[in-house]
Amino acid sequence: MSDPAPAPDPVQIRIDGVEKRYGEHEVLRGVSFDVQRGITNVIIGASGAGKSVLMRQIMRLERPDAGSIVVDGQDIVPMNEVALTKVRRKFGMVFQASALFDSMDVFENVAFPLREHTKMRRKEIRERVMARLEDLEVAHAARKMPDELSGGMQKRVAVARALVLEPEVLIYDEPTTGLDPITSRTVDELMVRTREQYGVTGIVITHDMASVFFIADRINYLYEGRITASGTPEEFLASEDPATREFLEASGVGTSAAFAKRR
Amino acid sequence: MTESVQEAPAGSAEQLPPEAPGEPGIVIRAADALIAIPVNFFAEIGVVASLLGQALFWGIRRPYRVRLWIDAMDFIGVGSIFIVGLTGLFIGMVFGIQLVDGFRQFGAENQVGAVVGLALTRELAPVFSALMVSSRAGSAMTTEIGSMRVTSQIDALTTMAVNPVQYLVVPRIIAGTLMVPLLTMLFNLIGIFGAWIICVKVLALDSGVFIDKVRWYVDLEDLNQGLIKAVVFGFTIALIACRQGFYASGGAAGVGRATNRSVVHSAVAILILDYIVTSLITGQGGL
Ligand SMILES: Nc1ncnc2c1ncn2[C@@H]1O[C@H](COP(=O)(O)OP(=O)(O)OP(=O)(O)O)[C@@H](O)[C@H]1O
Ligand SMILES: [Mg+2]
């Protein structure tokens, strides 16, 4: 499977036949798709389709029942926790519910990965953290505790924390859900900018279709436990697959090719 | 395929309305509940042991987050000084009254110092210190770790390549194991002081005799027995508190239930382990 060629494989993560069930409930029934390097890969799907569950498998928070997840040539499905700790340093993740440490203030939350994984001095940490917080326009809240922030601000802090180590792969679980349209757009722009600036591979779960066509380089549609459609936004809009069409139409973008032209 | 008609004579069985398959009769339910007790007990021991295995595995690995160990010691140890001291004082005082009152009946009140000293150092200090630490610090640790679990903060640690057992569980187990013995020493001192106050200042026993008896009868072995227990208890209650928090589920209500279980399991574990350790150390009691 591994590619000995010196040029980096355009596929950063190859997901093949991933299955996950909870008791009788088969959530993932053989998910296969490629996460392309250096671009934003969006996963869409109805609520309850298993998008968050899929994320938990990709981060190996849980072990899939079957299938393989090959990150830069290494299958992470059979790995133990020690080996995973190394692989996970390539990843940053923004949780659906932010998951900020509520015992630490905003600054400490964002500084946490730097303290854990770098030998940076206090001053460097301060500068890097404040730069991130300023990017996301939450610098003024640096000394606030997470529970003193609005949901949208919490999300921005969570994005700042995920970005602070400049990971190769950034995973966002519904980054704009619960944000007002203006803040959503800021987060969208931030995701695009991060990809352009650092060349990070993005995996974004969302059902905010306005966001999808703004940020996506590739779209993967999760339906009934499988990825039933993958492609560029243009290909996706042109899809003939009935389930995909239904989802697009329900989102109100089924017929408007204008979205595709914006890019 | 269990039938729920053992209680009724065979002939009357067809008159009874058929039981819904999901709702067996009371006898079956009671039997199930009884069988569930040992099954759950051993399943729970399995879960705790697996968390302990992970804690040992990660505890010996870098990085050693000494700051977190100290924070946990501060929380468990320093934070419990007041409540443990207060408990020690009152246990000592009550014990003083009871023993003087009891021993006077056969004119043996001179021996009170000996009994107070032995009872406190061997039994009361470790057991009560551990119970107080568990209800104060153990429950708080379960709540803290449990709410981190249900709000994905533990997953966030994992995704940041920080092992949550190493980060959350190891420091607390270290702190519990070290701090409960220290609190037990404190309990000993304050408890004996409390008994002395009552016996000497209130009930007019001779101070010299009281202190002599404590000195004469309480030796290092008795102190050690208490401290060994304290080590075992401190380790166990920290482990149980972490286990309940770490695997909590079901939102805020689930964290509440986990906290409740944490305190109950800790108390039961303390009492059972107290018997086991006492029996092993004294060579009596059948173990
Ligand atoms: N730990 C678990 N145990 C049992 N079932 C689970 C578990 N986690 C998820 N599920 C089930 O898996 C299904 C998919 O859940 P998931 O959270 O992945 O949905 P989603 O696609 O992220 O939805 P949303 O867009 O609303 O976030 C749901 O039916 C959920 O009940
Ligand atoms: Mg989700």
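Taking 16 Å as the cut-off, the amide N atoms of the range B:238-279 that come nearer than this to a point 7 Å along the Cα-to-beta-carbon line of B:Ile228 belong to B:273-279.
Please compute the net charge surrounding B:Val264, taking Lys and Arg as +1 and Asp and Glu as -1 over other residues with Cβ under 14 Å from its Cβ. Don't skip to the end; give the middle numbers.
Values: positive: B:Arg243, B:Arg257, B:Arg261; negative: B:Glu44.
Combined, the nearby Lys, Arg, Asp and Glu give +2.
The helix-based estimate of mean residue ellipticity at 222 nm for chain A, built from -39,500 (n - 2.57) per DSSP H run of four or more residues and divided by its residue count, is -11000 deg cm²/dmol to the nearest 500. A Förster distance of 41 Å, applied to the separation of the beta-carbon atoms of B:Ala253 and A:Glu127, puts the FRET efficiency at 0.45.
Here the dipole of the protein assembly as shown is about 1900 debye; that uses its Cα centre as origin and unit charges on the Cβ of Lys and Arg (positive) and Asp and Glu (negative).
Taken as Cα centroids, the range A:99-114 and the range A:205-245 sit 34 Å apart, rounded to the nearest whole angstrom.
At an R0 of 35 angstrom, the distance between the Cβ atoms of B:Ile60 and B:Ile83 translates into a FRET efficiency of 0.60. Structure remark: mean-square fluctuation, Gaussian network model of chain A, C-alpha springs under 10 Å; the largest value among A:Glu24, A:Glu246, A:Glu174 belongs to A:Glu24. For the protein assembly as shown, the equivalent ellipsoid derived from the Cα gyration tensor has semi-axes of 57, 32, 20 Å, listed largest first.
Where q = 0.16 Å⁻¹, what log10 of I(q)/I(0) comes from the Debye formula for the range A:107-197, counting one point per Cα? Treating every Cα as an identical point scatterer, log10 I(q)/I(0) equals -0.62.
With Cα atoms as the point set, the radius of gyration and Dmax of the range B:57-141 evaluate to 18.5, 62 Å.
Kindly state, as a whole number, the per residue volume in cubic angstrom of the convex hull around the alpha carbon atoms of chain A.
Values: hull volume 38.3 nm³, N = 263.
That works out to 146 Å³ per residue.
Between B:Arg67 and A:Arg115, the modelled labels are 0.3 nm apart [label points 7 Å from Cα along Cα→Cβ]. Here A:Lys155 is the anchor, and the lysines within straight C-alpha reach of less than 24 Å, apart from those fewer than 8 places off in the same chain, are A:Lys51, A:Lys90, A:Lys144.
Two numbers describe the Cα atoms of the range B:79-126: Rg and Dmax, which are 12.1, 43 Å. Taking the Cα atoms of the range A:156-220, the ratio Rg/Rh between the radius of gyration and the Kirkwood radius comes to 0.92. Scaling against 2.2 N^0.38 Å puts the C-alpha radius of gyration of chain B at 1.29. Residues whose amide H lies under 5 Å from that of A:Ala229, counting only those 5 or more places away or on a different chain, are A:Tyr221; hydrogens are built 1.01 Å from N in the peptide plane. For the range B:250-266, backbone phi angles converted through the Karplus equation (6.51, -1.76, 1.60; θ = phi - 60°) give residue-by-residue couplings of x, x, 4, 5, x, 5, x, 5, 5, 4, 4, 4, 4, 5, 5, 4, 4 Hz, Gly and Pro being listed as x. Across chain A, C-alpha contacts under 8 Å between residues 6 or more apart give a mean separation that, scaled by the residue count, equals a relative contact order of 25 percent. With coordinates expressed along the principal axes, the C-alpha atoms belonging to the range A:59-151 extend over 46, 30, 23 Å, beginning with the largest.
Basic side chains Lys and Arg get +1 at the Cβ, acidic Asp and Glu get -1 at the Cβ, and with that the dipole of the range B:34-191 about its Cα centre reaches some 420 debye. Using C-alpha pairs below 8 Å separated by at least 6 residues, the relative contact order for the range B:148-287 is 31 percent.
Computed about its Cα centre, the charge dipole of the range B:58-129 is approximately 520 debye, with only Lys, Arg, Asp and Glu carrying charge at their Cβ. A Gaussian network model of chain B, with springs between Cα atoms under 10 Å, assigns the largest mean-square fluctuation among B:Gly234, B:Gly102, B:Gly208 to B:Gly208. Gain on full extension, evaluated as 0.36 nm per residue between A:Ala250 and A:Glu26 minus their Cα-Cα distance, stands at 78.1 nm. Along the charge dipole of the range A:1-107, which of A:Phe101, A:Ile13, A:Phe33 sits closest to the positive end, that is, farthest toward it, with unit charges on the beta carbon of Lys, Arg, Asp and Glu (+1, +1, -1, -1)? Sorting the options by dipole projection puts first A:Phe101.
For A:Leu114, the shell of other residues with beta-carbons less than 11 Å away shows a net charge of +3, using +1 for Lys and Arg and -1 for Asp and Glu.
By the rule of a C-alpha distance below 24 Å, with chain neighbours fewer than 8 residues away ignored, the lysines paired with B:Lys229 are B:Lys213. Most simply put, the range A:88-216 has about 10% antiparallel DSSP beta bridges, counting only bridges with both residues inside it. Starting from the Cα of A:Lys119, draw a straight line to each of the aspartates and glutamates and keep only those under 19 Å, dropping any in the same chain fewer than 8 residues away. In chain and number order, the partners are A:Glu108, A:Glu127, A:Glu166. Across every direction, the projection of the convex hull enclosing the Cα atoms of the range B:164-287 has a mean area of 10.5 nm². In the elastic network of chain B, a GNM with C-alpha springs shorter than 10 Å, the most mobile of B:Ser139, B:Ser129, B:Ser207 is B:Ser207.
All of the numbers you see were taken from the coordinates with simple rules; none came from a lab. The model shown is predicted, which means the values in this text are computed figures rather than measured ones. Glycine also receives a Cβ, built like all others from the backbone with ideal geometry; neighbour counts cover every protein chain displayed.
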